[in-house]
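Below is one structure; the comments refer to it alone.
The values are calculated or read from the model by the stated rules, or taken from the named source; none is laboratory data. Model, not experiment: these values are computed from the prediction. Note that each Cβ is placed from the backbone with ideal geometry, even for glycine, and that neighbours are counted across all protein chains shown. What goes into the accessible areas is simple: the full protein's heavy atoms, side chains included, and nothing from ligands, DNA or RNA. Shrake-Rupley method; radii C 1.70, N 1.55, O 1.52, S 1.80 Å.
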Amino acid sequence: QVQLVESGGGLVQAGGSLRLSCAASGIRFGFDTMGWYRQAPGKQRELVATISRGGNTNYASSVKGRFTISRDNAKDTVYLEMNSLKPEDMATYYCNVVSDYGAVFWGQGTQVIVSS
């Protein structure tokens with residue numbers, strides 16, 4: 001059974017930084033794409049960033065240059081370094097992983113609160 005354990009959310013002042021982590025387990029050969037999505041109250045869930053097994057990254061335009069996604073394949077862990085946080089970054093952040101056979105799994109979400 002796939003399990004995703006997220007950590008690193010919290011309260012930060014605008015301009016500050018946070019680092020999210022998501023440790024995945026339960027699949028023998030690891031995961032293809034890993035990433036982060038976010039959902040603010042009253043809004044749809046949106047892509048933040050993804051990273052392939054080979055390290056190719058994709059970012060939402062709103063976070064490009066401020067956020068960095070990385071992964072440790074040996075640990076099946078994906079990270080999201082968030083810098084220069086803005087109030088509009090405030091949301092629940094969800095880890096998302098895709099197995100080699102296309103199954104999609106979501107974490108439980110971790111809240112990021114940015115005070116202005």
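Summing +1 for each Lys or Arg and -1 for each Asp or Glu among the other residues whose beta-carbon sits under 14 angstrom from that of Q108 gives +1.
For region 15-78, relative contact order (Cα pairs under 8 Å, six or more residues apart, normalised by length) works out to 34 percent.
The residues of the chain expose on average 53 square angstrom of accessible surface per residue, using a 1.4 Å probe on protein heavy atoms. Here the spin labels are modelled as points 7 Å beyond Cα on the Cα-Cβ line, and at S84 and W106 they lie 3.0 nm apart.
Listed by chain and number, the aspartates and glutamates placed with their C-alpha closer than 16 angstrom to that of K64 are E46, E81, E88, D89; residues fewer than eight positions away on the same chain are left out. Across the chain, Cα pairs under 8 Å and at least six residues apart give a relative contact order of 36 percent.
Label sites at S25 and A60, each approximated as a point 7 angstrom past Cα along Cα to Cβ, lie 3.0 nm apart.
Pop out the carbon and sulfur fraction of the accessible area of region 2-116 as a percent, whole number, probe 1.4 Å. Heavy-atom surface of region 2-116 belonging to carbon and sulfur, 1.4 Å probe: 47 percent.
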